[in-house]
Structure formats: structure tokens, C-alpha cells
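Below is one structure, written out as C-alpha cells, with a few remarks after it.
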Amino acid sequence: EADLRGAYLSEANLSGAKLSRVDLTNASLFSADLSEADLFSADLSEANLEGANLTNANLFSANLSGANLSRVDLTNAYLFSANLIGATMPDGSIHD
């Protein structure tokens, strides 16, 4: 439940990290490795995740509203109940 709002974590290796309920609002996670990370109920609203690796990440109930997910690898990511409203998706489209 850490408060990491606005943190600069670009290219960080957070693979397998336990980040449930963390607040990463407006954080820079450009090209970060979040593979297999537990982001249950995390707030990633308005975060820049461009090029990040979210393979096998748990994003159950995560808030990704307005997040930049361009070129993000979401292979096998668990997105059930995630808020994606206004997020830029990996293909460049904006989620409704």
C-alpha cells in the first residue's frame, strides 16, 4: 500500500514485486519490467507504462484509467475488473 505517486521508475526491474494497493498515479514506468508483478487493486491512473513488460502480471481491480499502455506486453496479464477508461492501449487506441 505504498504511496509512489509521480515516482520515476523507468526501466526499473520490478519483476515479481508485491505491489498490491500501491499508488502509482502519474508515475513514469517507461520500459519497466513488471512481469509477474502483483498489482492487485493498484492505482496506475495517468501512469506512463509505454513499452513496459506486464507479462503474467496480476492487475485484478487495478485502476489504469488514462494510463499510457502503448507497446505494453500484456501477454497472460490478469485484467479482470481493471478500470481501463481513457487508457491508451498497446495498439494506440483509446479504451472507452
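Connecting C-alpha atoms closer than 10 Å in a GNM of the chain, tell me which of 83, 63, 13 has the biggest fluctuation.
13
Taking the chain, how much of its Cα-Cα pair set, in percent, is spaced more than 21 angstrom apart?
Value for the chain: 13 percent of Cα pairs lie more than 21 Å apart.
In Å², and per residue, what accessible area does the chain have when probed at 1.4 Å with the other protein chains present?
Details: 4820 Å² over 96 residues.
Dividing the accessible area of the chain by its residue count gives 50 Å².
How large, in percent, is the carbon and sulfur part of the accessible surface of the chain at a probe radius of 1.4 Å?
On the way: 2230 of 4820 Å².
Here it works out to 46 percent.
Only Lys, Arg, Asp and Glu count, each charged at its Cβ (+1, +1, -1, -1), so figure out the dipole size of segment 33-74 about its Cα centre, rounded to 20 debye. Intermediate results must be reported in sequence, preceding the final value.
Working: 1 positive and 7 negative charges, 24 e Å.
Approximately 120 debye in magnitude.
Could you work out how far the C-alpha centroid of segment 10-39 sits from that of segment 52-74, in angstrom?
9
Have a look at 32, 62, 12 and tell me which one the Gaussian network model of the chain (Cα, springs below 10 Å) gives the largest fluctuation.
Residue with maximal mean-square fluctuation among 32, 62, 12: 12.
Among DSSP bridges having both ends in the chain, what percentage is antiparallel? Round to the nearest 5.
Numbers: 1 of 15 bridges.
Within the chain, antiparallel bridges account for around 5 percent of the total.
The values are calculated or read from the model by the stated rules, or taken from the named source; none is laboratory data. As the structure is a prediction and not an experimental result, all values here were calculated from the model. No Cβ is skipped: glycine too gets one built from the backbone with ideal geometry, and neighbour counts run over all protein chains shown. Only protein heavy atoms, including side chains, enter the accessible area calculation; ligands, DNA and RNA are left aside. Shrake-Rupley method; radii C 1.70, N 1.55, O 1.52, S 1.80 Å.
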